[in-house]
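Working notes for the structure below.
Every read-out reported here was derived from the displayed coordinates using simple, explicitly stated rules and does not represent laboratory data. Computed from a predicted structure; not experimentally measured. Here the Cβ positions follow ideal geometry from the backbone for every residue, glycine too, while neighbour counts run over all protein chains shown.
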Amino acid sequence: TQLLEQSPQFLSIQEGENLTVYCNSSSVFSSLQWYRQEPGEGPVLLVTVVTGGEVKKLKRLTFQFGDARKDSSLHITAAQPGDTGLYLCAGARGGGSNYKLTFGKGTLLTVNP
Amino acid sequence: DTGVSQNPRHKITKRGQNVTFRCDPISEHNRLYWYRQTLGQGPEFLTYFQNEAQLEKSRLLSDRFSAERPKGSFSTLEIQRTEQGDSAMYLCASSLEGAGQPYEQYFGPGTRLTVT
């Protein structure tokens, strides 16, 4: 059972547009990580958020962790073709199971030139 | 390159054969994880090691699967009597446990298994 729901599942936009993808859960996570994955490759870690309400910026990418630590969003400004890929969110629970990541199904982003 | 490495990158095998994959984690990382990813899904947890000890196995890991990390460094994942349903990308990740660490996991490129 997937505990993290990502939306939209697919997103196709033109270069220069802005976009937001979402990661929602009914469960509380001690930390949440965002990854980007390209076809045939492993996920590459983009950012980790750990504090409710936290906002982190990575160049044109802005990540936010919800106040209740149940949801997160990723906003991309002025998308470029190089941003194309599968964006995955993954949550870690607190306590003894903190090691295990639960992934959403991902948002497949295509940025057209 | 000091990232996580996995070998082979691709494996095609016939149903009923045994296969073994290898993962070399980031050198100072004491935790090593195996995940499986099928088309259209996110990675799913299989098992993890702290140093050489295997501390948890998912229900996804049937008796045909076995994983080892004999010296707390590299790990192997063996699948016996492969079935077509085993076809997937097998991902390895490593992390460093420490006080205050957010348990960031770094993934290797994966091994794509195709069972014919």
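Things to note:
- Here's how it looks for A:Glu54: its modeled amide H is under 5 Å from those of A:Phe65, which are all 5 or more places away or on a different chain.
- Unit charges at the beta carbon, dipole of the protein assembly as shown: most positive-side option, A:Leu4, B:Gln37, B:Ser94: B:Gln37
- For the stretch A:29-99, trypsin sites (Lys or Arg not before Pro) are listed when DSSP marks them as loop and at most 12 other Cβ atoms sit within 10 Å of their Cβ; the list is A:Lys59.
- With θ taken as phi - 60° and the Karplus curve 6.51 cos²θ - 1.76 cosθ + 1.60 applied, the whole-hertz 3J(HN,Hα) list for the stretch B:3-8 is x, 6, 10, 9, 9, x Hz, x standing for glycine and proline.
- Positive-end extreme of charge dipole, chain B - chosen from B:Thr76, B:Thr13, B:Ser66 (charges on Cβ): B:Thr13
- Relative contact order of the stretch A:23-113, defined on C-alpha pairs under 8 angstrom at six or more residues apart (%): 30 percent
- Summing +1 for each Lys or Arg and -1 for each Asp or Glu among the other residues whose beta-carbon sits under 10 angstrom from that of A:Val111 gives -3.
- Backbone HN-Hα couplings from phi across the stretch A:82-93 [Karplus 6.51/-1.76/1.60, Hz, Gly and Pro as x]: x, 7, 4, x, 9, 9, 10, 9, 9, x, 10, 7
- The magnitude of the dipole of chain A, with charges of +1 and -1 set on the Cβ of Lys/Arg and Asp/Glu and taken from the Cα centre, is near 340 debye.
- Summed side-chain charge close to B:Arg36 - residues other than B:Arg36 whose Cβ falls under 10 Å, Lys, Arg +1, Asp, Glu -1: -2
- Taking Lys and Arg as +1 and Asp and Glu as -1, the other residues whose beta-carbon sits under 14 Å from that of B:Arg81 total -1.
- The stretch B:20-74 - charge dipole about Cα centre, Lys and Arg +1 at Cβ, Asp and Glu -1, debye rounded to 20: 120 debye
- DSSP-assigned coil residues among trypsin sites (Lys or Arg not before Pro) in the stretch B:48-94, each with at most 16 further Cβ atoms within 10 Å: B:Arg59, B:Arg64, B:Lys71, B:Arg81
- Computed on the stretch B:33-116, with alpha-carbon pairs under 8 angstrom and 6+ residues apart, the relative contact order is 26 percent.
- Unit charges on C-beta of K, R, D, E only; dipole of the protein assembly as shown, Debye: 420 debye
- Förster radius 25 Å - calculated FRET efficiency between A:Leu45 and B:Arg64, Cβ distance, rounded to 0.05: 0.25
- Principal axis dimensions, chain A - Cα atoms, whole angstrom, descending: 45, 29, 20
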